[in-house]
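S.K.: The structure under discussion is supplied below as structure tokens; questions concerning it will follow.
The values are calculated or read from the model by the stated rules, or taken from the named source; none is laboratory data. Computed from a predicted structure; not experimentally measured. All Cβ positions, even for glycine, are placed from backbone atoms using ideal geometry, and neighbour counts span all protein chains on display.
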Amino acid sequence: MGMTLSEKILAAHAGRHVLRPGQIVEARADLLMANDITAPLAIDAFKDTGALKVFDPDRVVLIADHFTPNKDLATARQVRKMLDFAAAQMLTHRFEGGRAGVEHVLLPEQGLALPGEIIAGADSHTSTMGACGAWAVGVGSTDIGAAMATGKVWFKVPATLRVELTGSLGPWSSAKDLALEMLRRLGPDGADYLALEFHGPLAGRLSMSQRQCLANMAVEAGAKTGIFGVDDITRDYLADRARRPWQAVAPDPDAVYHDTITINADGLGPLIARPHSPYDVAPAGESSREAINQVFIGSCTNGRLDDLRQAAAVLQGRQVHSRVRLIVLPATPAIYRQALKEGVLETIVEAGGQVGPPSCGPCLGGHLGVLAPGEVAVATSNRNFIGRMGHRTSRVYLAGPMVAAASAVLGRVASPEEL
Amino acid sequence: MHYRRAWVLGDHVDTDAIIAARYLITSNPRRLAPHVLEDLRADFCEQVAFGDFLVAGRNFGCGSSREHAPLAIRATGVAAVVAASFSRIFCRNAFNTGLLALRSPQAAAGVREGDRLRLDLKRGVIENGDQKTEYAIEPLDPFLMELVAGGGLIARVRRQLGT
């Protein structure tokens with residue numbers, strides 16, 4: 001009986017020949033990551049272990065991205081604590097200020113997310129890096145604190161749900177619509193404790209950015225991670241980036257899957273997820289025409305260059321509605337620079353949008369765009385739970401960048417087809 | 001041991017509802033505790049008493065990986081969270097940091113708001129003093145039993161390192 005991608009990678013890191021779902025193992029982690037919210041707790045946990053040095057200063061990455069640039073004195077203290085620890089431990093990879101970006105986009109871009117490796121991150125959307133073929137799993141701060149001392153993390157071996165992607169995306173549809181359709185089908189715990197493994201003819205045509213969008217939202221269905229196999233798109237992406245040699249891992253032909261679902265992109269129109277549930281998915285445009293106050297384009301889900309290009313294409317020659325504030329945060333400094341060079345940011349600003357620094361900020365109601373009582377937003381991020389982006393009476397629709405940009409222009413939840 | 005009050009919640013209570021991200025400017029559990037479940041039910045923090053139980057439906061703690069969620073719940077004095085099922089990161093965070101996260105679909109289905117409950121870990125049951133009934137708790141994996149019995153993840157690492 002063969003093994004899935006997740007089982008093979010975990011087995012290789014746990015020193016086992018075979019692993020089956022449900023077993024609990026301690027596995028070697030190739031990379032550990034924490035951010036300005038989760039690192040302070042992880043640092044305390046590390047100190048409580050009594051260890052003096054991290055297990056490998058090349059493999060512990062600290063990133064200030066959630067409240068960056070520092071929002072207030074309290075967040076400044078959290079970042080300071082993180083930076084002081086990184087300096088004392090002589091960590092190779094620490095990102096802050098103009099070098100920081102949204103962690104799950106920044107690490108792949110920096111060549112730190114590699115196929116066949118285990119990445120444990122103290123952030124639920126760590127799964128995003130499964131786009132590169134890494135087994136990337138969100139854990140807690142204490143997990144990271146302990147692993148900084150030992151280099152190991154305990155995992156329960158997940159069963160694998162095979163997701164077949166077929167068909168072709170239409171002109172107004174994006175990877176976000178595939179992700180939302182997947183969530184509509186699976187619901188909030190339809191993939192509870194499962195690893196998603198993406199296959200199918202469409203999976204092989206998706207860009208690295210589109211793959212990241214899908215792997216990112218796998219966790220919204222309760223999945224442990226979402227992972228893609230290695231192909232030429234992966235190899236091209238890693239060619240000038242990979243910081244270490246890597247080896248492709250493929251699932252065994254006779255691997256055993258928990259189940260298979262097929263997502264067909266044919267005829268999949270632009271979608272939205274209505275407040276307050278990422279699973280309440282409906283066609284954009286016809287299902288709601290609610291007036292909005294804010295649009296946020298960015299985050300680990302949709303803050304990459306192709307997302308900004310798509311938004312700019314919709315905004316080109318148009319104006320953001322007078323009632324709406326459009327906030328655009330490129331996910332990393334490299335994306336920011338390229339969008340600047342291409343005139344993408346100019347288009348957004350000329351349309352009346354605001355371009356801010358790479359930051360998770362508004363996605364979690366942190367800063368740089370918090371919603372007032374009763375305000376309504378369209379956001380390209382991943383969660384729209386009650387109070388997620390601000391006051392508990394605010395409401396958030398989730399959508400892809402083209403739907404978000406069209407909504408900004410029309411001042412209401414809209415589809416780009418309406419323009 | 002006395003009976004303590006049950007606070008009953010629904011399915012899919014997410015970490016934003018447990019402790020909103022706007023409060024994550026600190027990791028001090030005592031400063032987080034007054035905001036637990038604030039957007040979901042404001043009466044909880046005003047009235048919760050030491051030893052009370054949270055009883056929830058499916059997928060409790062879904063959403064972000066913030067360990068602030070179990071830490072803040074523990075700091076309110078809640079003795080245990082009982083749910084039909086838990087989201088995976090919340091579950092591991094709870095075990096790692098010493099909050100009892102007990103899986104009991106029976107209790108999730110049967111307990112009513114305000115019922116008086118008592119936990120008997122030796123017998124693996126939750127007793128309901130008002131309904132005069134009891135609910136089975138699903139047994140823990142041996143690895144997790146050992147983790148909890150040994151004082152959590154950090155204590156385990158200290159033993160491994162001999163520190």
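S.K.: Quick test for you: out of A:Ala134, A:Ala203, pick the one residue that is surrounded by fewer than 24 Cβ atoms within 10 Å (Cβ to Cβ), in contact (Cβ under 8 Å) with a residue 24 or more places away in the chain and under 17 Å from A:Ile233 (Cα atoms).
M.R.: Values: A:Ala134 fails: surrounded by fewer than 24 Cβ atoms within 10 Å (Cβ to Cβ).
The unique qualifying residue is A:Ala203.
S.K.: Specify the residue that is surrounded by the fewest Cβ atoms within 10 Å (Cβ to Cβ); the eligible residues are those in region B:20-34 that are touching a residue at least 12 places away in the same chain (Cβ under 8 Å) and under 18 Å from B:Gly77 (Cα atoms).
M.R.: So the first thing to find is which residues in region B:20-34 are touching a residue at least 12 places away in the same chain (Cβ under 8 Å), and the list is B:20-21, B:23-24, B:27, B:29-30, B:32-33.
Now restrict to residues that are under 18 Å from B:Gly77 (Cα atoms): B:27, B:29-30, B:32-33.
On the way: B:Ser27: 23, B:Pro29: 20, B:Arg30: 11, B:Leu32: 24, B:Ala33: 19.
That would be B:Arg30.
S.K.: Test B:Arg66 against the stated conditions and say whether it is of a type in the set (D, E, K, R), buried (at least 23 other Cβ atoms within 10 Å of the Cβ) and within 14 Å of chain A (Cβ to nearest Cβ). It would help to see each step written out before you state the result.
M.R.: Working: of a type in the set (D, E, K, R): yes; buried (at least 23 other Cβ atoms within 10 Å of the Cβ): yes; within 14 Å of chain A (Cβ to nearest Cβ): yes.
The answer is yes for B:Arg66.
S.K.: If A:His104 meets every condition in (1) surrounded by 22 or more Cβ atoms within 10 Å (Cβ to Cβ); (2) closer than 26 Å to B:Pro29 by Cα; (3) more than 10 Å from every other protein chain (Cβ to nearest Cβ) apart from one, which number is that one?
M.R.: If we test A:His104 against (1) surrounded by 22 or more Cβ atoms within 10 Å (Cβ to Cβ); (2) closer than 26 Å to B:Pro29 by Cα; (3) more than 10 Å from every other protein chain (Cβ to nearest Cβ), just (2) comes out false.
S.K.: On to the next question. Only one of these is within 30 Å of A:Glu197 (Cα to Cα), within 14 Å of chain B (Cβ to nearest Cβ) and more than 20 Å from the chain's Cα centre (by Cα): A:Met82, A:Met148. Name it.
M.R.: Exactly one residue qualifies, and that residue is A:Met148.
S.K.: Which one of A:Leu114, A:Leu83 is farther than 25 Å from B:Thr15 by Cα, buried (at least 21 other Cβ atoms within 10 Å of the Cβ), of a type outside the set (Gly, Ala, Ser) and assigned by TED's automatic domain parsing to the domain that holds A:Asp231?
M.R.: Values: A:Leu83 fails: buried (at least 21 other Cβ atoms within 10 Å of the Cβ).
After ruling out the rest, the residue left standing is A:Leu114.
S.K.: Looking at (1) at the interface with chain A (Cβ under 10 Å from one of its Cβ atoms); (2) of a type outside the set (Ser, Thr, Tyr); (3) farther than 25 Å from B:Pro29 by Cβ, which is the one condition that is false for B:Asp120?
M.R.: Of the numbered conditions (1) at the interface with chain A (Cβ under 10 Å from one of its Cβ atoms); (2) of a type outside the set (Ser, Thr, Tyr); (3) farther than 25 Å from B:Pro29 by Cβ, the odd one out for B:Asp120 is (1).
S.K.: I'm checking my understanding of the structure. Among residues of region A:274-292 that are of a type in the set (A, V, I, L, M) and closer than 19 Å to A:Leu326 by Cα, which one is surrounded by the most Cβ atoms within 10 Å (Cβ to Cβ)?
M.R.: If we filter region A:274-292 for residues that are of a type in the set (A, V, I, L, M), which is where we start, we get A:281-282, A:284, A:291-292.
The next check asks that each one be closer than 19 Å to A:Leu326 by Cα; those that pass are A:284, A:291-292.
On the way: A:Ala284: 30, A:Ala291: 12, A:Ile292: 26.
Of everything passing the filter in region A:274-292, A:Ala284 is surrounded by the most Cβ atoms within 10 Å (Cβ to Cβ).
S.K.: Can A:Thr234 be described as in contact (Cβ under 8 Å) with a residue 24 or more places away in the chain, out of contact with any Lys or Arg (no Cβ under 7 Å at 6 or more places or on another chain), of a type in the set (S, T, N, Q) and not in a loop (DSSP other than H, G, I, E, B)? Full working, then the answer.
M.R.: Values: in contact (Cβ under 8 Å) with a residue 24 or more places away in the chain: yes; out of contact with any Lys or Arg (no Cβ under 7 Å at 6 or more places or on another chain): yes; of a type in the set (S, T, N, Q): yes; not in a loop (DSSP other than H, G, I, E, B): yes.
The answer is yes for A:Thr234.
S.K.: Also: In this structure, is B:Ala17 buried (at least 19 other Cβ atoms within 10 Å of the Cβ) and touching a residue at least 60 places away in the same chain (Cβ under 8 Å)? Reasoning before the result, please.
M.R.: Values: buried (at least 19 other Cβ atoms within 10 Å of the Cβ): yes; touching a residue at least 60 places away in the same chain (Cβ under 8 Å): no.
Judged against the criteria, B:Ala17 is not a match.
S.K.: Pick from A:Ser407, A:Ser394: which is of a type outside the set (Lys, Arg), buried (at least 24 other Cβ atoms within 10 Å of the Cβ) and under 20 Å from A:Lys71 (Cβ atoms)?
M.R.: Details: A:Ser407 fails: under 20 Å from A:Lys71 (Cβ atoms).
Step by step, each of A:Ser407, A:Ser394 is checked, and only A:Ser394 is of a type outside the set (Lys, Arg), buried (at least 24 other Cβ atoms within 10 Å of the Cβ) and under 20 Å from A:Lys71 (Cβ atoms).
S.K.: Collect the residues in region A:163-200 that are under 16 Å from A:Pro251 (Cβ atoms), crowded, with 21+ Cβ neighbours inside 10 Å and over 15 Å from the mean Cα position of the chain (by Cα), keeping them in residue-number order. Before the answer, list the steps.
M.R.: So the first thing to find is which residues in region A:163-200 are under 16 Å from A:Pro251 (Cβ atoms), and the list is A:163-165, A:194-200.
Imposing the further condition that a residue be crowded, with 21+ Cβ neighbours inside 10 Å reduces the set to A:163, A:165, A:194-198.
Matches in region A:163-200: A:Val163, A:Leu165, A:Leu194, A:Ala195, A:Glu197, A:Phe198.
S.K.: From the list A:Phe155, A:Phe228, pick out the single residue that is in contact (Cβ under 8 Å) with a residue 60 or more places away in the chain, within 10 Å of chain B (Cβ to nearest Cβ) and over 28 Å from A:His276 (Cα atoms). Show your work before the answer.
M.R.: Working: A:Phe228 fails: within 10 Å of chain B (Cβ to nearest Cβ).
Exactly one residue qualifies, and that residue is A:Phe155.
S.K.: Look at A:Lys53 and say whether it is within 13 Å of chain B (Cβ to nearest Cβ), among the basic types (Lys, Arg), closer than 24 Å to B:Val157 by Cβ and in a helix (DSSP H, G or I). Even if it seems obvious, please write down each step before you answer.
M.R.: Details: within 13 Å of chain B (Cβ to nearest Cβ): yes; among the basic types (Lys, Arg): yes; closer than 24 Å to B:Val157 by Cβ: yes; in a helix (DSSP H, G or I): no.
So A:Lys53 does not fit the description; no.
S.K.: Let me ask something additional. Given the condition among the charged types (D, E, K, R), under 20 Å from B:Asp11 (Cα atoms) and not in a strand (DSSP E or B), answer yes or no: does some residue in region B:115-122 qualify? Show your work before the answer.
M.R.: Keep residues of region B:115-122 that are among the charged types (D, E, K, R), which gives B:115-116, B:118, B:120, B:122.
Now restrict to residues that are under 20 Å from B:Asp11 (Cα atoms): B:115.
From the residues that got through so far, the ones that are not in a strand (DSSP E or B) too are B:115.
Scanning region B:115-122, I find at least one residue that is among the charged types (D, E, K, R), under 20 Å from B:Asp11 (Cα atoms) and not in a strand (DSSP E or B), so the answer is yes.
S.K.: Still on this structure: Among the residues of region B:47-103, write down those that are hydroxyl-bearing (Ser, Thr, Tyr) and more than 20 Å from A:Asn384 (Cβ to Cβ). Break it down stepwise before answering.
M.R.: If we filter region B:47-103 for residues that are hydroxyl-bearing (Ser, Thr, Tyr), which is where we start, we get B:64-65, B:76, B:85, B:87, B:97.
Of everything in region B:47-103, those that are hydroxyl-bearing (Ser, Thr, Tyr) and more than 20 Å from A:Asn384 (Cβ to Cβ) turn out to be B:Thr76, B:Ser85, B:Thr97.
S.K.: Considering only residues of region A:360-404 that are part of a strand (DSSP E or B) and either in contact with a Gly (Cβ under 6 Å, 6 or more places away or on another chain) or of a type in the set (S, T, N, Q) (or both), which is nearest to the other protein chains (Cβ to nearest Cβ)?
M.R.: If we filter region A:360-404 for residues that are part of a strand (DSSP E or B), which is where we start, we get A:371, A:376-379, A:390, A:395-399.
Cutting the leftovers down to either in contact with a Gly (Cβ under 6 Å, 6 or more places away or on another chain) or of a type in the set (S, T, N, Q) (or both) gives us A:371, A:390.
Numbers: A:Leu371: 11, A:Gly390: 8 Å.
Step by step, filter region A:360-404, then rank; the result is A:Gly390.
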